[in-house]
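Presented below is the structure to which this report refers.
The values are calculated or read from the model by the stated rules, or taken from the named source; none is laboratory data. From a predicted model like this one, the values you see are computed outputs, not experimental measurements. For neighbour counting, all protein chains shown are included, and Cβ atoms are generated from backbone atoms with ideal geometry for every residue, glycine included.
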């Protein structure tokens with residue numbers, strides 16, 4: 001039997017990182033509960049949440065490349081086309097990538113996706129990422145304490161799965177075998 005392998009790229013590495021960090025966070029959580037430790041390392045929780053966000057950012061950028069027929073690379077583009085494409089990827093916000101781009105990929109005209117629960121969860125994940133990376137040091141400890149919980153790490157994984165399933169449900173694109181097996185199973 002031939003196993004369907006994941007493509008080896010940054011998208012799948014972020015997914016694998018998220019899975020690894022969540023598994024490690026679960027081990028620490030189990031130890032914390034068993035030992036009744038008041039203080040415990042939250043590194044794995046933080047890395048799980050951040051990896052979930054990075055996975056979704058890389059995924060939607062990859063889908064943009066795929067839909068714009070850049071899957072084979074951009075070497076044949078003219079310099080101005082490369083600059084326009086880079087601007088589109090870099091300067092487009094996470095929110096727009098997950099709403100406007102998906103609406104553009106869909107066959108129906110301009111649906112409003114912002115009221116869908118998976119989209120709202122994406123914004124929550126983005127908020128966690130922003131709070132973990134953009135706060136001033138004196139605020140970070142308080143903010144991080146509220147975000148870095150095992151339940152939020154689990155939610156980050158759940159949000160990632162829901163977002164991918166939602167993406168394929170909305171676009172009606174064929175779901176790759178590794179995504180069926182590893183993500184939305």
Which number in (1) surrounded by fewer than 16 Cβ atoms within 10 Å (Cβ to Cβ); (2) without any contact (Cβ under 8 Å) to a residue 24 or more places away in the chain; (3) in a helix (DSSP H, G or I) marks the one condition that residue 178 misses? (2)
Modelled with pLDDT under 95, in a helix (DSSP H, G or I) and over 19 Å from residue 18 (Cβ atoms) - does that describe any residue in the stretch 147-163? no
Boolean, residue 138 is modelled with pLDDT of 90 or more and either more than 30 Å from residue 28 (Cα to Cα) or assigned to a helix (DSSP H, G or I) (or both): no
Pick from the stretch 101-122, criterion surrounded by fewer than 15 Cβ atoms within 10 Å (Cβ to Cβ) and modelled with pLDDT of 90 or more, ranking: nearest to residue 90 (Cα to Cα): 120
Suppose we keep only residues that are touching a helix residue (DSSP H, G or I) at 6+ places or on another chain (Cβ under 8 Å) and not in a helix (DSSP H, G or I) within the stretch 97-110. Which one would you say is nearest to residue 57 (Cα to Cα)? 106
Which condition does residue 113 not pass, out of (1) part of a helix (DSSP H, G or I); (2) closer than 15 Å to residue 60 by Cβ, if it passes all the others? (1)
For the stretch 35-61, pairs from a residue that is within 23 Å of residue 118 (Cβ to Cβ) to a residue that is surrounded by fewer than 19 Cβ atoms within 10 Å (Cβ to Cβ), with Cβ under 6 Å and 6 or more apart or across chains, are 51/17; 58/10; 61/89
